[in-house]
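The values are calculated or read from the model by the stated rules, or taken from the named source; none is laboratory data. These numbers come from a predicted model, not from an experiment. Cβ placement follows ideal geometry from the backbone for every residue including glycine, while neighbour counts extend to all protein chains displayed. Just the protein is used for accessible areas: all its heavy atoms, side chains included, with ligands, DNA and RNA removed. Shrake-Rupley method; radii C 1.70, N 1.55, O 1.52, S 1.80 Å.
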Amino acid sequence: MISVIIPTYNEEAHIKATIQWVWQFDENNLIKEIIITDGGSTDDTVAIATAEGVKVVISQKKGRAAQMNFGAFFATEEILYFLHADTRPPRNFAKDIIKVIEQGFGAGCFRLSFDYNHWFLKANCWFTRFDVDAIRFGDQSLFVTKNSFEKAGNYCEKHIVMEDQHLIKRLKKITCFTIIKKAVVTSARKYLENGIYKTQGVFFIIYFMYQFGYSQQKLLASYRKLIKQDKL
């Protein structure tokens, strides 16, 4: 069975719907637990998640890498599924995950789609069917066996940004990685708040800075300067 791990920080607008979606579309009852790993939300995220009856743990460290590691520590199942709070997996997602794990894959993700209809976003999503590191990000969610996760060294908590890129690169060295031919639906809020073309351009700038070896401090400073947000 599967442990679903959702990192949160001030996600009161999305977390209830995401939890309910996960339970509703686990049509084969393969999800054992949902773990909300919160980074110190100042809104009603924790109260809402608690009311939904899921396991809520409070990470002493804020940041997705640290929070997801913390959630994984409490997971009881052998398959971990990391999901963003504003992302909805496809129907029968748990069955699809277990199927590819049984085929010998140790990790993988889904394709991407957005909850906003725009040609440029659709074009970006089309490319997520390809196993190319430049278009592999956490919005696509990530499933991994606990054994592979631990062998890869878990998420690197020094990575405030690009933490998924870093982990997936290491996972590919020790296990087979696959992309399931179904898409998650994620919120386009960051694109709409900052401008669709600008946001994508910033993401590529951050990616290339990361590839050229810029420090996490410089990546984070650039991200904060260029993207309007309240998460990092």
Average Cα contact separation per residue, the chain, under 8 Å, 6 or more apart, as relative contact order %: 21 percent
Taking amide H positions as placed in the peptide plane 1.01 Å from N, state which residues far from K182 in sequence (5 or more) or on other chains have amide H under 5 Å from it. R111
Set of lysines with alpha-carbon distance to K99 below 25 Å, sequence-local pairs under 8 removed: K32, K146, K151, K169, K172, K173, K181, K182
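Report the relative contact order of the stretch 33-148, percent, no decimals, based on alpha-carbon pairs under 8 angstrom and at least 6 residues apart.
It rounds to 27 percent for the stretch 33-148.
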Write down the percent of antiparallel bridges among all DSSP beta bridges whose residues are both part of the chain, to the nearest 5. 25 percent
Under a Cβ-Cβ cut-off of 12 Å, what is the net charge of the residues other than K198 that fall near it, where Lys and Arg count +1 and Asp and Glu count -1? +1
Please calculate how many Å² of accessible area the chain carries per residue, with a 1.4 Å probe and no DNA, RNA or ligand atoms counted. 48 Å²
With the full set of protein chains in place, find how many percent of the accessible area of the stretch 1-46 is carbon and sulfur; take the probe as 1.4 Å. 46 percent
Note, N28: beta-carbon cut-off 13 Å, +1 each Lys/Arg, -1 each Asp/Glu, net +1
Under Karplus coefficients 6.51, -1.76 and 1.60, residue-wise ³J(HN,Hα) of the stretch 115-132 in Hz, glycine/proline x: 8, 9, 8, 8, 4, 5, 5, 4, 5, 4, 5, 4, 6, 6, 6, 9, 8, 10
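Which chymotrypsin sites (Phe, Trp or Tyr not before Pro) from the stretch 1-92 combine a DSSP loop assignment with at most 10 other Cβ atoms within 10 Å?
Loop-located and lightly packed - none at all.
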Candidates T50, T128, T186; GNM for the chain (alpha-carbon contacts under 10 Å) flags as most fluctuating T50
Between A51 and Q217, the two model label points (7 Å from Cα along the beta-carbon direction) sit apart by a distance in nm of 4.3 nm
Roughly to the nearest percent, how much of the accessible area of the stretch 145-186 is carbon and sulfur, given a 1.4 Å probe? 51 percent
Distant-in-sequence amide H partners of N92 (H built 1.01 Å from N, under 5 Å): E27
Could you work out how far apart the two model spin labels at K99 and E77 are, taking each label as a point 7 Å from the Cα in the direction of the beta carbon, and quote it in nm? 1.7 nm
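What net charge is computed for the residues neighbouring E150, neighbours being all others with C-beta under 13 Å from the C-beta of E150, Lys and Arg scored +1, Asp and Glu -1? Walk me through the numbers before you get to the answer.
Details: positive: K146, K151, R170; negative: E78.
Once positives and negatives cancel, what remains is +2.
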Here FRET efficiency (C-beta to C-beta, F208 to N147, R₀ 41 Å, nearest 0.05) is 0.80
Calculate one ³J(HN,Hα) per residue across the stretch 22-39 by plugging θ = phi - 60° into the Karplus curve 6.51 cos²θ - 1.76 cosθ + 1.60, and present them in order as whole Hz with x for glycine and proline. 4, 5, 5, 9, 8, 6, 10, 6, 9, 8, 7, 7, 10, 10, 8, 10, 9, x
Per the helix-only calculation at 222 nm, which mean residue ellipticity applies to the chain, given -39500 (n - 2.57) for every DSSP H run of n ≥ 4 and division by its residues, nearest 500 deg cm²/dmol? -12000 deg cm²/dmol
Would you mind computing, in nm to one decimal, how far apart the modelled labels at K61 and R224 are, each placed 7 Å from Cα along Cα→Cβ? 1.8 nm
Of the residues K55, K218, K95, which exhibits the maximal mean-square fluctuation in a Gaussian network model of the chain defined by a 10 Å Cα contact cut-off? K218
Just order 10-20, 83-93 by mean Cβ neighbour count inside 10 Å, highest at the front, would you? 83-93, 10-20
List the residues, sorted by chain then number, that are 5 or more residues from I35 or on another chain and whose placed amide H is less than 5 Å from its amide H. V4, I5, I6
